[in-house]
Amino acid sequence: MTTDAVIETRNLTKVYRDFWGRKKVDALKSLNLTVQRGEIFGLLGPNGSGKTTSIKLLLGLLFPSNGEALVLGKPASDVAKNERIGYLPEESYLYRFLNAEETLDFYGRLFDISGKERRKRIDSLIQQVGLNRARKRVLKEYSKGMTRRIGVAQALINDPELILLDEPTSGLDPLGTREMKDLIRSLRDEGKTVVLCSHLLADVQDVCDRIAILHQGELKELGRVSDLLSIQDMTEIKVGGLSDEAKEEIRQVVARHNGNLVSMGHPSTTLEDLFLKIIRESEAHPGRRYLPEREGEQPTEPPVSSN
Amino acid sequence: MFAMVIETTNPSLLYSMPHWSLPFWWIGTVLILSVFGFAGALLLTWLKTHSAARAFQLTVKALFEGLIEIVTLPAGCSRIFALAKLSFREAIRRRILYVFFLFLIPFLFAGWYLPNSPEGQLRFLVAFVNGAISWLLIPLSVFLVSMSLPTDIQQHTIYTVVTKPVRRLEILVGRILGFMGIFTLVLLIMGGVGLIYLRGQSDATVRQSQWTARVPIYATAPEDVTTANELKLPLMFYKKGQLQAQGTNVGKEWAYRSHIEGATSDSAHWFFQFDPSQFQNREEVPVELTFDIFKTTKGDPTRPGAEESGVWCLLRFVDRKTGETVFDRTFRVNNNRGNVVYVPAKAFASGNVEVIAQCLTRNQFLGMAPADLYLLADERTFEGNFLKGLVTIWLKILLLTCVAVTASTFLKGFVTILFTFMVYILGFFHDFMIGIVTGQVRGGGPLESSIRLFTQNNQVTDLDPNFFNRIALGVDMLLLELMRALAYIIPNLTLLDTAEFVASGFDIPWALLLRNALFVIGYVVPVVIFGYFVFKNRELAA
C-alpha cells in the first residue's frame, strides 16, 4: 500500500445484530479497499449491497464488527479526521428550521472557522451551488434539488481533502446532475479525493476514475472504469484516407468473414451491462468474486474468500 | 402570620454553610459509582466481543479517550456555543414560546379561589404563581429536551453534525446550554409577569405584613447546656425541675410544637448565639414569635374585648455571660397571627442570649417549636426573594434537563419522557423510599405489603411464617435491595422547594441556595458524564 492512500480498509466487516446479539444480516464482508489521493472513486451496488454501510463505517457513524478502516491515516472513530472531510449524506439531513446562510454558518462554526473566513466561504459556496436567491429562505421551503445543493455546500464548508458523497445526483434534474458531475470533476482537478456511492450507473461511468462493485456485502469488482468497460474479444476499426482499392480489399476481407466494418479498436460496453452481468453472476454463484472472461487478465485484487 | 413551619429540631442549620468535607464525600461517591460503571461497561463489551482481554483493552481505551475529552472540553467552546445556539433557535422557530400564553390563562381565574383572610392571600398567590410556572415549564422542558436528541438521531440530522470535528460531549453540553438558555428566558418572563400579577392582586394590608423577606436569627444548640438526657437542642423545656427535649404533651397529633402549662414553673428556653455587631447601630431589635394556644376552657380567650381573659405570656431575656435578666415583657398572645416584641438592642450586646417563655394564664397551654421565636436581623425586598425562588425552580429544570439529555442518549424520545417524569415523581417520594428500605416506614417490601393489604393484616404483627409468606419475604429482600439502589440514585427533589419561604415572607437563605446549587451540580455532572460515555460508544446510524 502506498503512503498516498486516503482511505484504506482491512477486512472491514459489519454484522447487524438484534437486541439479543443474534446475527441479523452481514452488511459488509471483509472489505479490502484503497482509495488514492486525487481520484474519483465510485462505490456501486444494488440497494442493500453495503455501499452506505461502508461510507458510514468510514465516517465512524457505525463501528466495525471486525477489521478496521483508516481515513487520512487515522482510525475511522477518530473525530480529528473530520477536520479534513466533507460528507453529503444520502438525503440532505439538515436542520429544516434554518435558512441557507444559517445552515452554513452553523456547520462552519463546528469547524472553528473564523468569522471573517466563514462569511467569505458562505458567500462563495452559495454562489457556487446557485442558491443566491434563496439564501434567506428556511430549508423546509426548499425543493429536493435545492436541498441537495445546500447539502453539497455544507460538505464543502471546510475546504475538505476528502469528500464522501452518498448518492450525489439523487433528486437532481438533468441540468443539476450535469452541474453536480462538473463540480465533482472540478474538485478532483483541485487535487481533492472524491468517494461517491450511487446506483445511477451513467453518472458513475461519466465521472469515476475507479469503481468498486458491491453485492450482498461483498466486493465483486474493482478497477479502472476504462479497463472494466473495454471488450477484449471484439475489434473495432475506424480508418480514414484509404484508397478505393484498399477499402475494397478490406471490405472483401470483412465480407469473407461476414463482418460489417465501421471502425477499429476495442469497443466499450456500458457500465449497465457490466453491472447486470456481475450481479447475475453473483446471484448464480454467491460468495465468489466476479472473474471476467478475459484472457491474460488478472483481477487487480486477490479474490475474497467467502465465509 | 410570622411563622413558617420548619419541621426540624435545628432551624439555624438552614442558614449554615455546607461542611468543608462535602466535596470529598462527593468525589468518593463519584469514584465508587465510576468503578461500577466501568465494571458494567466491561461486562457489556465482554458479552459483545467474547474476549475478556479485548474487552478490557477496549474499555480502558474508551475510558482514557473519554477522560481526555472531558478535560479538554473548554477547547471546544465555540462549537458548544454553535450547538447551544442551534437548540435555542430550534425552540424559538418551532414556536414553543407560545406555551407562555397558556401560562397567562390560569391567571384570569385565580381570583376566584382567593382566600378571604389577608394572611392566606399572599401565600395562596405565591403558591399559585410558583405552581403555574413549575407546572408549565417543567413538563415543557422535559418534553422538549427528551425529544431533541432522539429526533436528531431518528431524522439523521445527527449525521451531518457528528461527521464534523465535534466531540460527542460537546453535543450534549451544547444542547443543555441551549435549552437552559431558552428556559431561563421563559422563566424570567413568567417570573416578571407573575410578580406584576402578585403586586396587583394583593391588597395593602397583605403588602404591609407579607411583602417582605425577613432574615431571622434562629436559636442554636448551646455547647454548655444539655437536657436531662444530655441532648443539645436550640429549644429546651423546663419541666419537673429539669430541662427536657419536650414539654407537656397535650395530645395533638402534629408533634411540631411542644406545650408548657400556664401558671406553673414550666418554661421554654431558646438559646441564641450570634455576632452582636450587626445590632450595633440599632435602637431595638424586633423579636417575632408565633405560639400556639391550647385551651382547656371554653370560649375564645383571644377574642377582641377579652383582654382580661386572654392567654398571657412572660418573655425574659437573659444575658448568658453575666446571668442577668436584661429585658422582660408580659404580653397577650395572639393565636396564629403572632406577636412582635421590640427589645432594646443593648440587650443583645453579648451575642449570647437565652430567651425564657412562661405561660401566665392558669389552665391554658402555650405550644412552641424551635423556629417559632426568632430575632429579626434584617428585612429584604420581596422581589429579590421571589427571584431567589425562581433560581430554585431553575435548578430543578437544570436537573431534569440533564437527566433527560442523558436518558435520551440511549432511550427513544417517548421513553425518555416517561423516564424523566418517573425520576421527577419519585424524586418527591425520596424520603418515603428511603423510609421503606431502611425499615422506618412500616409494612415491608412490595410483596409483603400486598399480602397485608389483601389479607387485611395489620402492619405491626409479624406475618404468619408459612411457606408462601417466606418466599414472599425472600423476594422482598431482593426487591428492597434494588429499591435501595434506586432510592439513593433518584435525586431528592423535596430539597428543591423554596416556595414556602417566599410565601411566608422569609428570605431564602443564601446558604440554602448554595447547597441546592451544589446538590444539583453534584448530581448532574456525573449524570451527564455517564450519558456522554453511553453516547460516545453507541452507533448513531442503523
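The values are calculated or read from the model by the stated rules, or taken from the named source; none is laboratory data. The shown structure was predicted, so the numbers you read here are calculated from the model rather than taken from an experiment. Cβ: placed from backbone, ideal geometry, glycine included. Neighbour counts: every protein chain shown. We work out accessible area using only protein heavy atoms, side chains counted, and drop any ligands, DNA or RNA first. Shrake-Rupley method; radii C 1.70, N 1.55, O 1.52, S 1.80 Å.
Quick look at the values:
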read-out	value
Cβ-derived FRET efficiency at R0 30 Å, A:R22 paired with A:A284, nearest 0.05	0.55
Antiparallel bridge percentage (DSSP; both residues within the protein assembly as shown; nearest 5)	80 percent
Protein-protein interface of the range B:160-206, residues with accessible area decrease of at least 40 Å², isolated chain reference, 1.4 Å probe	B:T160, B:T163, B:K164, B:P165
Estimated dipole of the protein assembly as shown in Debye, rounded to 20 [Cβ of Lys and Arg +1, of Asp and Glu -1, Cα centre]	660 debye
Heavy atoms of B:H156: accessible area, 1.4 Å probe, square angstrom to 10	50 Å²
Radius of gyration and maximum dimension Dmax of the range B:216-380, Cα, Å	15.6, 47
Tilt relative to chain B, helix B:22-49 - C-alpha long axis, 0 to 90 degrees, to 10	30 degrees
On Cα atoms only, tilt of B:467-489 relative to the major axis of chain B in degrees	90 degrees
Estimated D of the protein assembly as shown in µm² per second, where Rh is the Kirkwood radius over Cα pairs and Stokes-Einstein applies at 25 °C, 0.890 mPa s	73 µm²/s
Of all accessible heavy-atom area on the range B:216-380, the percent that carbon and sulfur account for (1.4 Å)	44 percent
Of A:K116/A:K181; A:K116/A:K192; A:K14/A:K56, those spanning more than 19 Å from alpha-carbon to alpha-carbon	A:K116/A:K181; A:K116/A:K192
Dipole-positive endmost among B:G389, B:L495, A:A80 within the protein assembly as shown (Cβ charges, Cα centre)	B:G389
With every protein chain in place, the range A:88-171: carbon and sulfur % of accessible area (1.4 Å)	44 percent
At R0 = 60 Å, FRET efficiency that the Cβ-Cβ distance of B:Y113 and A:Q36 yields, to 0.05	0.20
Cut-off under 5 Å, modelled amide H: who pairs with B:A377 long-range	B:V215, B:I217
Sites A:A255 and A:N47 - FRET efficiency at Förster radius 45 Å, r taken between beta-carbons, to 0.05	0.40
³J(HN,Hα) computed for each position of the range B:216-231 - Karplus, 6.51 cos²θ - 1.76 cosθ + 1.60, integer Hz, glycine/proline x	x, 10, 8, 5, 10, 5, x, 7, 9, 10, 9, 6, 4, 9, 6, 9
Hz values of 3J(HN,Hα) by residue in the range A:114-121 - Karplus curve (6.51, -1.76, 1.60), Gly and Pro given as x	5, x, 5, 4, 4, 4, 5, 5
Potential lengthening between B:D203 and B:L418 on full extension [0.36 nm per residue; Cα-Cα distance subtracted]	73.2 nm
With DNA, RNA and ligands ignored, accessible area of B:R337 (1.4 Å probe; Å², nearest 10)	140 Å²
Accessible area in square angstrom per residue, the protein assembly as shown, 1.4 angstrom probe	50 Å²
B:E379 versus B:N363: modelled label distance in nm, points set 7 Å from Cα along the beta carbon direction	3.9 nm
Spin-label zone in the range B:266-292 - amide nitrogen under 13 Å from a point set 7 Å from the Cα of B:V225 along the C-beta vector	B:267-273
Orientation-averaged projected area, Cα convex hull of the range A:74-183 (nm²)	6.8 nm²
Between helix B:99-109 and chain B: long-axis angle, C-alpha atoms, 0 to 90°, nearest 10	30 degrees
Base-10 log of normalised Debye intensity for the range A:8-65 (one unit scatterer per alpha-carbon) at q = 0.20 Å⁻¹	-0.78
Built amide H within the under 5 Å cut-off of A:C208, gap 5+	none
For the range B:438-510 versus the range B:161-196, the gap between their alpha-carbon centres in whole angstrom	36 Å
By accessible area with a 1.4 Å probe, ligands and nucleic acids excluded, highest first: order of B:T49, A:T103	B:T49, A:T103
Of B:L31, B:A204, B:S16, farthest towards positive along the dipole that unit charges on Lys, Arg, Asp, Glu beta carbons give chain B	B:L31
Proximal charge balance of B:K232 [Cβ under 13 Å; K/R count +1, D/E count -1]	-3
Note, ³J(HN,Hα) from phi for the range B:205-211, Karplus 6.51, -1.76, 1.60, rounded to Hz, x at Gly and Pro	5, 5, 5, 5, 8, 10, 7
Fraction of accessible area attributable to carbon and sulfur, the range B:32-120 (%, probe 1.4 Å)	75 percent
Computed lengthening from B:E283 to B:T455, 0.36 nm per intervening residue step minus Cα-Cα distance	55.2 nm
Relative contact order (percent, whole number), chain B, Cα cutoff 8 Å, 6+ residue spacing	21 percent
Projected label distance in nm at B:F468 and B:Q440, using a 7 Å step from Cα toward the beta-carbon	3.3 nm
Total accessible area lost when B and A pair, probe 1.4 Å, Å² to nearest 100	3000 Å²
Label-zone membership for the range B:202-243, site B:S265, 7 angstrom Cα→C-beta point, backbone N under 14 Å	B:238-243
Net charge of neighbours whose Cβ lies under 12 Å from the Cβ of B:S87, counting Lys and Arg as +1 and Asp and Glu as -1	+3
Distant-in-sequence amide H partners of B:Q364 (H built 1.01 Å from N, under 5 Å)	B:G262
Neighbourhood net charge (13 Å Cβ-Cβ; Lys/Arg +1, Asp/Glu -1) for B:L243	-1
